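Taking it in order: structure first as structure tokens, then the write-up.
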Amino acid sequence: MSDLTKLTIAGARDALRKGDVTSVELTEACLSAIDAADALNAFVHKTPEIARDRAAAADARIKAGDAPDMCGIPVGIKDLFCTKGVASQAASGILEGFLPEYESTVSQNLVDAGAVMLGKLNMDEFAMGSSNETSVYGNAVNPWRREGSDAALTPGGSSGGSASAVAADLCLAATGTDTGGSIRQPAAFTGTVGIKPTYGRCSRWGVVAFASSLDQAGPMTKDVRDAAIMLQAMCSHDPKDSTSAELAVPDFEAALTGDIRGKTIGIPKEYHMDGMPQEIEDLWTRGKEMLADAGAKIVDISLPHTKYALPAYYVIAPAEASSNLARYDGVRYGHRAKLAQGDGITELYEKTRAEGFGSEVQRRIMVGTYVLSAGFYDAYYNRARKVRTLIKKDFEDAFAQGVDAILTPATPSAAFCLGEMTDADPVQMYLNDVFTVTVNLAGLPGIAVPAGLDKQGLPLGLQLIGRPWEEGDLLNTAYALETAAGFVAKPAKWW
Amino acid sequence: MLDLTYETPKPKVIAGAKHDWELVIGMEIHAQVSSNAKLFSGASTAFGAEPNSNVSFVDAAMPGMLPVINEYCVEQAVRTGLGLKAQINLWSAFDRKNYFYPDSPQGYQISQLYHPIVGEGEVLVEMGEGVARLVRIERIHIEQDAGKSIHDMDPHMSFIDINRTGVPLMEIVSRPDIRGPEEAAAYVTKLRQILRYLGTCDGNMQNGNLRADVNVSVCRAGQYEKYQETQDFSHLGTRCEIKNMNSMRFIQAAIDVEARRQIAIIEAGGAVVQETRLYDPDKNETRSMRSKEEAQDYRYFPDPDLLPLEIEQAWVDDIAASLPELPDAKKSRFMGDMGLSDYDASVLTAETENANFFEEVVAACGDGKLAANWVINELFGRLKKDDAEISDSPISPARLGQIVALIKKGDISGKIAKDVFEIAYTQDRDPEEIVETEGMKQVTDTGAIEAAVDEVIAANPAQVEKAKQNPKLAGWFVGQVMKATGGKANPAAVNQLVTEKLGL
């Protein structure tokens, strides 16, 4: 079988079960592809020994007829997930040399399902960023390029390494995490599928925290079916995470009928942003038409507090981050600064954190500290929480009116050039999240689906937002959109 | 049940150079919740373990670790609230108190600032017979304890022990209703007693399982009453908080010296600065720890790792139904049903172990007053001599009850009973068996006693004549008869016969 790395999870699953291919073969193919793709800088810690061991074990399981869907599937794991005995740094210098003694619940669920970990994937430091440029490992690179250009593009962020690796067929799928769009934006930038499930669907235990009330893990895959299969394996109720929902995980793949007749799709008028490229508007319009052609009813809706979402997000997320990241103090693990004669505990903190954290992380810690400080708490943090409640209510109202899913652009643009935003106002970078943060603030499931190419040949994605806990329904709508869009383009290999 | 009424004690007055000053005191008690596991992790809370051995990944704040509330600790907090007649909040929430310190691995303490689990309650603090202060409780919240930094083991390094990190605490906050050092100590004693009755805190102050922060201010006479009417703190003086005291003696000394410090400042025309202070018992002074300006900004916010804590009224009711009889109720029952004195009832209810022991003695003998006498005077005295605790008592309550029953029955006299007690105590023997074997049974046979009385009268005609003049000398005859019978004659019978025979 040629081009094993190009297989989808579903394709590989069927081939494995039929005996057409072994997990060892699949894994070796991916390991070779990874070794040949250092230019993408997607895999930052390779784990070939673990991969080969697990592949062999998976083959034995498949032979024994005890093979869950993910059994034998080679995947990449975002560096934010703690993986036992394997470097887990959240792409930060402050966690240099940190080897967890434990495995995150989500990655353990994948291990239990027989998935094969190929290594750890690049990302923005502590998942803070939209271009992968805040990583201590240096940025991952998008395998896509503009037609006729060899300028390096961002794979998006924070799950940029995951997106790059999946788009470049280095692995069949990857885990991502999404706090404000960190799965969906990179998926849109790389022509892949990424779903952020309902808050509480995936356990956060063992995932390095950025903003606890917003963080959710999810899969990044080559198509919607794979997203359904992998999400299924990642979800569970976890007593170790108090915010994990005590709900049974439905069969997501079984929900993929492609039949969306009678479904109501809402188009929120507030997502028409000033200065949004015409191509994005056009894509959105095509998306509406495709869903309408598939039998869905399209209705205009209003989500009136949308414009306050980004500012509220950039208060709440840094506030939580400033507290979550306080534990990186050089006392127990990770980086510790060398101290000078006479230095005390304050110097240990200051030097360790100044050396260990990159500038974007430091910026967010300072913003978060500021918005929680006495005298500013009500004006910023409390107000942002109120906005959050209103945004949640906007969605509840829409769903109460019979809307089944909401269609929006995934990003305000296609992938941009690495380095393009380096000197820009940080807020320019934050605007990348404008369509995605509302979903995190409301705790809803959202999925990015590739729906076309821009005039420079770069992928563009659409976002669908679903009702809480109805990922199956959302995936089915995404499946119908994917089928109608017929997106099959792949990046030309240059690496 | 006996309804006890109390008079309010007078506030402590300290005479300054110019005026008299009254004290106003509020306390925050940190009580370690009796629980085998920590508040948000499964690690052990055992005291005295090897440094850093009772530490889970959560306690060490490893990346990606999450807290999960220990339900038993919540139950203990609810039980405590019920024991203090407090409002139980069915909806409460956890907040993070952010600060950097090496013994706080998370960089924050999980506490309950905005929505504590327990609201307003009260503690009756007795200050002597018929005098008591009702101290209002403002709130109780649950929070994590911090670890320990050790600075004196190495000249260049500090050491950290995070065994204590994450150990469950209840912070019990009083209103400023305490009016003197003795009241403060009595308040802590009473609170400790209730917590020990409830089994929610062992009250071990030496191990730091019960610690007090004390807010002290002074005011002129009449100001406190204005505060009480209006609940407006501006009527009171500026307070200082003395942190982290774990001895009753230090609490009292610190309050006294702090009040005097404040009075001196005010009378010299200065103003007390609101600040946190530490008490130095060696120098008997308080020292500034940090001023209000230097006070840390803790940036409290709701902990996003934990859902709000929602509990059911039915669960609270179940806990309420399982509450033990508390000190106030027990004391009033001992006084009302058993006729004990205020003092005896207080002594016997100070600790549950004492009360339980006493009640078993009563069950075995059926006489509360006599039993109280024997437990307090004989048993406690004897235990004290051996420096022993009641839990180590070599004589069981059933056996002590037997002794009291033997006295009641008239089988032995009180004097003989003391000998029986000593034998039972030291030789682990059964009192009835002792009396039998040692032939200590009281002679109640009137014939035998009469013979002895006759003998003594016949042998002492001169004394008989004197006694007829002065009836008080009858006692001498009683003594002689007792002597003759080896102390076994029933003293009451002897008395009666002597009086009769002498014709008094």
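The values are calculated or read from the model by the stated rules, or taken from the named source; none is laboratory data. Computed from a prediction, not measured in an experiment: that's the story for all the values here. All Cβ positions, glycine included, derive from the backbone under ideal geometry; neighbour counts span all protein chains shown.
For the stretch A:308-342, a residue qualifies if it is more than 22 Å from B:S111 (Cα to Cα), within 11 Å of chain B (Cβ to nearest Cβ) and either among the aromatic types (F, W, Y) or without any contact (Cβ under 8 Å) to a residue 24 or more places away in the chain (or both), and the qualifying residues are A:V331, A:R332, A:Y333, A:L339, A:Q341, A:G342. Looking at the stretch A:204-215, is at least one residue under 12 Å from the mean Cα position of the chain (by Cα), of a type in the set (A, V, I, L, M) and either within 21 Å of A:M429 (Cβ to Cβ) or surrounded by 24 or more Cβ atoms within 10 Å (Cβ to Cβ) (or both)? No, that holds for no residue.
Evaluated against (1) within 14 Å of chain A (Cβ to nearest Cβ); (2) farther than 30 Å from B:L82 by Cα; (3) surrounded by fewer than 19 Cβ atoms within 10 Å (Cβ to Cβ), B:L307 falls short on exactly one condition, (2).
Would you mind finding the one in B:Y279, B:Y298 that is more than 30 Å from B:Y6 (Cβ to Cβ), within 14 Å of chain A (Cβ to nearest Cβ) and among the aromatic types (F, W, Y)?
Working: B:Y279 fails: within 14 Å of chain A (Cβ to nearest Cβ).
None of the other options fit; the residue is B:Y298.
Here the condition is being free of Cβ contacts under 8 Å to residues at least 60 places away in the same chain, under 26 Å from A:V224 (Cβ atoms) and part of a helix (DSSP H, G or I); of A:I34, A:I62, it holds for A:I62 alone.
Only one residue in A:S131, A:S149, A:S164 is under 14 Å from the mean Cα position of the chain (by Cα) and either farther than 17 Å from A:D178 by Cα or in a loop (DSSP other than H, G, I, E, B) (or both). Which one? Going through A:S131, A:S149, A:S164 in turn, the sole match is A:S131.
Of all residues in the stretch A:238-259 being without any contact (Cβ under 8 Å) to a residue 12 or more places away in the chain and within 14 Å of another protein chain (Cβ to nearest Cβ), which is farthest from A:V86 (Cα to Cα)? Outline the logic, then answer.
First, pick out the residues of the stretch A:238-259 that are without any contact (Cβ under 8 Å) to a residue 12 or more places away in the chain: A:239, A:242, A:246, A:248.
Now narrow it down to the ones that are within 14 Å of another protein chain (Cβ to nearest Cβ): A:239, A:242, A:246.
On the way: A:P239: 24, A:S242: 26, A:E246: 30 Å.
By that ranking, first place goes to A:E246.
Scanning the stretch A:65-84 for residues that are more than 14 Å from chain B (Cβ to nearest Cβ) and either in a loop (DSSP other than H, G, I, E, B) or of a type in the set (K, R) (or both) turns up A:G65, A:D66, A:A67, A:P68, A:D69, A:M70, A:C71, A:G72, A:I73.
For the stretch A:270-307, a tally of residues being part of a helix (DSSP H, G or I), basic (K, R) and either over 30 Å from A:D378 (Cβ atoms) or in contact (Cβ under 8 Å) with a residue 60 or more places away in the chain (or both) returns 2. With respect to the conditions (1) part of a loop (DSSP other than H, G, I, E, B); (2) more than 30 Å from the chain's Cα centre (by Cα); (3) in contact (Cβ under 8 Å) with a residue 24 or more places away in the chain; (4) within 12 Å of chain A (Cβ to nearest Cβ), B:I69 falls short on a single one, namely (2).
A:L170 falls short of the stated requirement of being crowded, with 24+ Cβ neighbours inside 10 Å, part of a loop (DSSP other than H, G, I, E, B) and within 14 Å of another protein chain (Cβ to nearest Cβ). Of all the criteria given as (1) at pLDDT below 95; (2) within 13 Å of chain B (Cβ to nearest Cβ), the one not satisfied by A:H272 is (2). For the stretch B:79-129, give me each residue that is within 14 Å of chain A (Cβ to nearest Cβ), in contact with a Lys or Arg (Cβ under 7 Å, 6 or more places away or on another chain) and among the acidic types (D, E). B:D103 - this is the single residue of the stretch B:79-129 that is within 14 Å of chain A (Cβ to nearest Cβ), in contact with a Lys or Arg (Cβ under 7 Å, 6 or more places away or on another chain) and among the acidic types (D, E). Pairs under 6 Å by beta carbon, first residue acidic (D, E) in the stretch B:302-331, partner in a loop (DSSP other than H, G, I, E, B), six or more apart or different chains? Sorted first by the residue in the stretch B:302-331, then by its partner, the pairs are B:D303/B:F94; B:D305/A:S212; B:D305/B:L66; B:D305/B:P67. For the stretch A:343-385, the set of residues classified as within 13 Å of chain B (Cβ to nearest Cβ), more than 24 Å from A:M429 (Cα to Cα) and in a helix (DSSP H, G or I) consists of A:I345, A:T346, A:E347, A:L348, A:Y349, A:E350, A:T352, A:D378, A:N382, listed by residue number. Being more than 14 Å from every other protein chain (Cβ to nearest Cβ), assigned to a helix (DSSP H, G or I) and out of contact with any Phe, Trp or Tyr (no Cβ under 9 Å at 6 or more places or on another chain) is a description that does not apply to B:A345. Against the numbered list (1) in contact (Cβ under 8 Å) with a residue 24 or more places away in the chain; (2) part of a loop (DSSP other than H, G, I, E, B), A:E101 comes up short only at (1).
Among the residues of the stretch A:453-495, write down those that are among the aromatic types (F, W, Y) and crowded, with 24+ Cβ neighbours inside 10 Å. Let's see the steps before the verdict.
Quick first cut of the stretch A:453-495, residues among the aromatic types (F, W, Y) only: A:469, A:479, A:487, A:494-495.
Result: A:Y479, single match.
Condition (residue is outside any strand (DSSP E or B), modelled with pLDDT of 95 or more, touching a helix residue (DSSP H, G or I) at 6+ places or on another chain (Cβ under 6 Å) and among the aliphatic types (A, V, I, L, M)) applied to the stretch A:465-477: is it met by at least one residue? Steps first, please.
From the stretch A:465-477, those outside any strand (DSSP E or B) are A:467-477; that's our starting set.
Applying the additional criterion that residues be modelled with pLDDT of 95 or more yields A:467-477.
Next, from what is left, pick out any that are touching a helix residue (DSSP H, G or I) at 6+ places or on another chain (Cβ under 6 Å): A:467, A:472, A:475-476.
With among the aliphatic types (A, V, I, L, M) added as a condition, the list becomes A:475.
Yes, because at least one residue in the stretch A:465-477 is outside any strand (DSSP E or B), modelled with pLDDT of 95 or more, touching a helix residue (DSSP H, G or I) at 6+ places or on another chain (Cβ under 6 Å) and among the aliphatic types (A, V, I, L, M).
Consider A:P450 carefully, then state whether it is in contact with a strand residue (DSSP E or B) (Cβ under 7 Å, 6 or more places away or on another chain) and either more than 24 Å from A:D226 (Cα to Cα) or crowded, with 20+ Cβ neighbours inside 10 Å (or both).
On the way: in contact with a strand residue (DSSP E or B) (Cβ under 7 Å, 6 or more places away or on another chain): yes; either more than 24 Å from A:D226 (Cα to Cα) or crowded, with 20+ Cβ neighbours inside 10 Å (or both): yes.
Criteria met by A:P450.
Once the stretch A:245-269 is narrowed to residues that are part of a loop (DSSP other than H, G, I, E, B) and of a type in the set (D, E), the residue that is farthest from A:V449 (Cα to Cα) is A:E246.
For A:Q89, the test of being closer than 19 Å to A:S182 by Cβ and among the polar types (S, T, N, Q) is passed.
B:M335 fulfils the conditions (1) within 14 Å of chain A (Cβ to nearest Cβ); (2) over 29 Å from B:I88 (Cα atoms) except for a single criterion, (1). Considering only the stretch B:194-203, I want to know if a residue exists there that is touching a Pro at 6+ places or on another chain (Cβ under 9 Å), farther than 30 Å from B:I319 by Cα and aromatic (F, W, Y). No, the conditions are met nowhere in the stretch B:194-203. Listed by first and then second residue, the pairs with beta-carbon distance under 7 Å, at least 6 apart or on different chains, first residue in the stretch A:208-231 and within 14 Å of chain B (Cβ to nearest Cβ) and touching a residue at least 60 places away in the same chain (Cβ under 8 Å), second among the acidic types (D, E) and in a helix (DSSP H, G or I), are A:A211/A:E320; A:S212/A:E320; A:S213/A:E320.
The residue list A:G295, A:G262 contains one member that is more than 14 Å from chain B (Cβ to nearest Cβ), touching a strand residue (DSSP E or B) at 6+ places or on another chain (Cβ under 8 Å) and on the phi > 0 side of the Ramachandran plot, which is A:G262. Tally the residues that are of a type in the set (D, E) and in contact (Cβ under 8 Å) with a residue 60 or more places away in the chain, restricting the search to the stretch A:343-363. Of the residues in that region, 2 qualify. Whether any residue in the stretch A:113-120 is more than 14 Å from every other protein chain (Cβ to nearest Cβ), crowded, with 24+ Cβ neighbours inside 10 Å, assigned to a loop (DSSP other than H, G, I, E, B) and over 21 Å from the mean Cα position of the chain (by Cα) is what I want to check. Checked against the condition, which is being more than 14 Å from every other protein chain (Cβ to nearest Cβ), crowded, with 24+ Cβ neighbours inside 10 Å, assigned to a loop (DSSP other than H, G, I, E, B) and over 21 Å from the mean Cα position of the chain (by Cα), the stretch A:113-120 yields at least one hit.
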